[in-house]
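Reviewing the structure listed below.
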Ligand code: PMP
């Protein structure tokens, strides 16, 4: 049996969950989305995801045709209908059906899609041994073109950066901003540890304001680590004692090589492991 998918105002069978070829989400990547985790049947940080979704929508002048409370309820209904205990939710709001032209005003109403499914995780060895990553040549979105804070349906530059990594048999790439500072990975935020302090690029460096990033910063500060939001260069990555990435799907994962250079001991470091454990405990509490 297929999944039950939320489509606009009701659950439908997966085989019935179809969108129009005239949807501007498809035609132009015109829409916003969230990826959300379910742990032990509970939706993780739902309010934070909803806030980010609505602010992303506002930034592209897309009116979400449901209020936040209703949409949150519909997310929970979709999780329950599919009996998801540990899983991943993809919540999408497109501009909706319009004409072939660019004009978004031809789209009468936004389209809501909620998919709740099991999650495909990185294999456990990667958490033990750490990820090898490269520096991408493809730059993160320029803030004067489109704010990198908008979680839009257009991920093309991140996809091209991901391909750069895959071409070299790596799973992730670090993306830099137009000034050469570290922005983030293609779907994760970046943290660097040096001299016992934890550094992460400020949001103004072109990172998405990751919800996992926020949780990890909070957990780290609670454990009396010093966390600094500071611009980081390629040098800071190479000179790091530890590096880790955070994201909804990846959670907390160590990075042990950047551009062929070994980071720290070449194994996920002690602070990375500590924060990974603290994150797991918090998410599942
Ligand atoms: N950066 C980008 C570009 C992302 O798409 C994501 C989400 N996968 C993240 C960072 C991490 O954000 P979050 O912790 O909210 O998943």
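Each part gets one Cα centre, and for region 10-45 versus region 182-203 those centres are 29 Å apart. Subtracting the Cα-Cα distance of residue 63 and residue 178 from their residue separation scaled by 0.36 nm leaves 38.4 nm. Here residue 270 and residue 209 are evaluated by their C-beta separation; at R0 = 35 Å the FRET efficiency comes out at 0.80. As a proxy for reagent exposure, ranking 49, 224, 24, 142 by other Cβ atoms within 10 Å from fewest up yields 224, 142, 49, 24. Look at where the Cα atoms of region 118-140 and of region 251-281 average out, and the two centres are 11 Å apart. Between 0 and 90 degrees, the angle of helix 211-222 with respect to the longest Cα principal axis of the chain falls at about 40 degrees. So for the chain, averaging the separation of alpha carbon pairs under 8 Å that are six or more residues apart and normalising by length, what relative contact order in percent results? Relative contact order here is 17 percent. Helix 46-59 sits at what angle to the longest principal axis of the chain, using alpha carbons and giving 0 to 90 degrees rounded to 10? For 46-59 against the chain, the angle is about 70 degrees. Among 227, 133, 256, the order by Cβ neighbours within 10 angstrom, fewest to most, reads 227, 256, 133. Compared with the dominant principal axis of the Cα atoms in the chain, helix 68-81 is inclined by about 90°.
If you take the square roots of the eigenvalues of the alpha-carbon gyration tensor of region 1-85 and sort them as a ≥ b ≥ c, do you get rounded (a/c under 1.5), prolate (a/b over b/c) or oblate? In terms of gyration-tensor shape, oblate. Got the relative contact order for region 4-117 handy, in percent, Cα pairs under 8 Å and 6 or more residues apart? Here the relative contact order equals 37 percent. Measuring r between the beta carbons of residue 235 and residue 73 and using R0 = 45 Å, the FRET efficiency lands at 0.40. FRET efficiency for the residue 1 to residue 108 pair, using the beta carbon distance and R₀ = 45 Å, is estimated at 0.85.
Every number in this text was worked out from the coordinates using simple rules, so none of it is lab data. Values in this document were obtained by computation on a predicted structure and should not be read as measured data. Note: ideal-geometry Cβ built from the backbone for every residue, glycine included; neighbour counts use all protein chains shown.
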